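Colleague: What follows is a single structure, and I will ask about it in a moment.
The values are calculated or read from the model by the stated rules, or taken from the named source; none is laboratory data. Predicted model only: the values in this text are computed from it and were never measured. A quick note on method: Cβ atoms are made from the backbone with ideal geometry, for glycine too, and the neighbour counts reach across all protein chains shown. SASA here: full protein model, heavy atoms, side chains in, ligands and nucleic acids out. Shrake-Rupley method; radii C 1.70, N 1.55, O 1.52, S 1.80 Å.
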Amino acid sequence: MITLLVIISSLFYPFTIYELVEKYINVIASTNPEKVLELRNYKQALMITLALWQLGFSVLVFIICILFTHKIAGPVYKLKKYLSSIREGLSEGKLYFRQGDYFRDLEDDVNSTFETIKENYKKDVVYLSEVNSYLKNLTHVIPEDKKAVIEQININLDEIQERFTKHL
């Protein structure tokens, strides 16, 4: 979009010069008709040069825009892919962006956030393990009608611990 905007807006420059040279030729034609052919050749060479410069400038702007957008779109794409892999349980470790990409501070924030989450996960797994062992010990001293409830709680705790350890 930026490239298209630059190309369209910069087309006014060659057309303005074309009109100025054409008016100049018309003024000279009335006073010095023998110079008209020379000026028309000059105008043609000038327009070819301007067209080539315009083309080169447009290509340069296009390349710069592509490089610039890749430095933005690349990290966003990589972050989406990283978060998707975490959701699917395929943790890739740390998030890394290419050298020269924008949002390098986002890379650091995401990595430190997930490191904190992992540390909290580890603490929670240890706590769940302790609670699970306490409840298993309780099943020996509580009445029979309450054992089924405690056993179901233990089964649920085992499932939670299994999910936690799978994601670590």
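Colleague: Out of (1) outside any helix (DSSP H, G or I); (2) at negative phi; (3) at pLDDT 85 or above, what's the single condition that is false for Gly100?
Modeller: Gly100 satisfies all of (1) outside any helix (DSSP H, G or I); (2) at negative phi; (3) at pLDDT 85 or above except (2).
Listed here are the residues, each with its yes/no results for (1) more than 30 Å from Phe114 (Cβ to Cβ); (2) assigned to a helix (DSSP H, G or I); (3) over 18 Å from the mean Cα position of the chain (by Cα); (4) basic (Lys, Arg).
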| residue | (1), (2), (3), (4) |
| --- | --- |
| Leu4 | yes, yes, yes, no |
| Thr16 | yes, yes, yes, no |
| Tyr24 | yes, yes, yes, no |
| Leu55 | yes, yes, yes, no |
| Pro75 | no, yes, no, no |
| Lys80 | no, yes, no, yes |
| Leu83 | no, yes, no, no |
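Colleague: Under 38 Å from the mean Cα position of the chain (by Cα), more than 30 Å from Met1 (Cβ to Cβ), at pLDDT 90 or above and among the acidic types (Asp, Glu): which single residue out of Asp108, Asp124 fits that description? Full working, then the answer.
Modeller: Working: Asp124 fails: at pLDDT 90 or above.
Every option except Asp108 fails the conditions.
Colleague: Can you tell me how many residues within segment 32-52 are open to solvent by less than 100 Å² (accessible area, probe 1.4 Å) and either farther than 30 Å from Glu22 by Cβ or part of a helix (DSSP H, G or I) (or both)? Don't jump to the end; show me each part of the working.
Modeller: Step one: of segment 32-52, the residues open to solvent by less than 100 Å² (accessible area, probe 1.4 Å) are 32-33, 35-36, 39-41, 43, 45-51.
Right, trim to either farther than 30 Å from Glu22 by Cβ or part of a helix (DSSP H, G or I) (or both) and you get 33, 35-36, 39-41, 43, 45-51.
Qualifying residue count for the region: 14.
Colleague: Tell me yes or no: at least one residue of segment 53-63 is in contact (Cβ under 8 Å) with a residue 60 or more places away in the chain and either within 30 Å of Arg104 (Cβ to Cβ) or surrounded by 11 or more Cβ atoms within 10 Å (Cβ to Cβ) (or both).
Modeller: Pass one, segment 53-63, residues in contact (Cβ under 8 Å) with a residue 60 or more places away in the chain: none.
Taking every residue of segment 53-63 in turn, none turns out to be in contact (Cβ under 8 Å) with a residue 60 or more places away in the chain and either within 30 Å of Arg104 (Cβ to Cβ) or surrounded by 11 or more Cβ atoms within 10 Å (Cβ to Cβ) (or both).
Colleague: Check whether at least one residue in segment 116-138 is assigned to a loop (DSSP other than H, G, I, E, B), out of contact with any Lys or Arg (no Cβ under 9 Å at 6 or more places or on another chain) and open to solvent by less than 50 Å² (accessible area, probe 1.4 Å), and report yes or no. Outline the logic, then answer.
Modeller: Filtering segment 116-138 for residues assigned to a loop (DSSP other than H, G, I, E, B) gives none.
Checked against the condition, which is being assigned to a loop (DSSP other than H, G, I, E, B), out of contact with any Lys or Arg (no Cβ under 9 Å at 6 or more places or on another chain) and open to solvent by less than 50 Å² (accessible area, probe 1.4 Å), segment 116-138 yields no hits at all.
Colleague: Here is a follow-up. Taking Lys35 as the residue in question, decide whether it is closer than 30 Å to Arg163 by Cβ and either of a type in the set (D, E, K, R) or at pLDDT below 85 (or both). Steps first, answer last, please.
Modeller: Values: closer than 30 Å to Arg163 by Cβ: no; either of a type in the set (D, E, K, R) or at pLDDT below 85 (or both): yes.
It is false that Lys35 is closer than 30 Å to Arg163 by Cβ and either of a type in the set (D, E, K, R) or at pLDDT below 85 (or both).
Colleague: Is there any pair linking a residue in segment 135-159 that is more than 20 Å from Asp124 (Cβ to Cβ) to one that is open to solvent by 70 Å² or more (accessible area, probe 1.4 Å), with Cβ under 7 Å and at least six apart or on different chains, and which?
Modeller: Short answer, once both residue conditions are applied: Thr139/Glu151; Ile150/Leu138.
Colleague: Next question, about the same structure. Given the conditions (1) in contact (Cβ under 8 Å) with a residue 12 or more places away in the chain; (2) open to solvent by 70 Å² or more (accessible area, probe 1.4 Å), report the number of the one that Arg163 does not fulfil.
Modeller: It is condition (1) that Arg163 fails.
Colleague: Can you tell me which residue in segment 77-104 is farthest from Arg163 (Cα to Cα), limited to those that are of a type in the set (A, V, I, L, M, F, W, C) and open to solvent by 70 Å² or more (accessible area, probe 1.4 Å)? It would help to see each step written out before you state the result.
Modeller: Initial filter on segment 77-104 (of a type in the set (A, V, I, L, M, F, W, C)): 79, 83, 86, 90, 95, 97, 103.
Narrowing the set further to residues that are open to solvent by 70 Å² or more (accessible area, probe 1.4 Å) leaves 90, 103.
Working: Leu90: 13, Phe103: 32 Å.
That would be Phe103.
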